[in-house]
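The block underneath contains the structure these notes are about, expressed in structure tokens.
Rule-based calculations on the coordinates, nothing more; no lab input. Being a predicted model, the structure only gives us computed values, none of them experimental. Using ideal geometry, Cβ is built from the backbone for each residue, glycine included, and neighbour counts are taken over all protein chains shown.
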Amino acid sequence: MARPTLTDLEVEIVREKVCDAARCLFSKHGLEGVGLRTIGSEVGLTGAALYRYFPAGREEIVAAVRTRAFRELADLSEEAALSSGDAARTVSGGGRGLCHLCPKRRGVVPACCSA
């Protein structure tokens, strides 16, 4: 039996859920401690089913999580630049906010933990 065809929106929704789950897992266990099965089980999929949404597998998920994290930091930087407050404090606070991605310097955004 053939798999049902998913719309682009449905694929994007699943990809977002996977990235959210992976980010949380990476934060708790580090990049090395999380595999496809673990990520899949968090969102109700098998590790193999994740290839439908991330054809390059785990490395593509890691790249997507990193991209989202850096986008968030860029958004904070832009917000800080446009605000009338202390831009350095806003960006610094945002960077520390992303440090949950790199406990013990093993995670997704190691540079943010150096402060």
Karplus-derived 3J(HN,Hα), 6.51/-1.76/1.60, for each residue of region 31-48, Hz, glycine and proline x: 4, 5, x, 10, x, 4, 4, 5, 4, x, 5, 5, 10, x, 10, 7, x, 5
For peptides 22-28, 52-58, 6-12, sequence by mean Cβ density within 10 Å, most packed first: 22-28, 52-58, 6-12
Net length gained if the chain between GLU78 and GLU12 were fully extended (0.36 nm per residue, minus Cα distance): 21.2 nm
CYS24 versus ARG3: modelled label distance in nm, points set 7 Å from Cα along the beta carbon direction: 2.3 nm
In sequence order, calculated HN-Hα J values of region 64-79 (Karplus, 6.51, -1.76, 1.60; Hz; x Gly/Pro): 5, 5, 4, 4, 4, 5, 5, 5, 4, 5, 5, 4, 5, 5, 5, 4
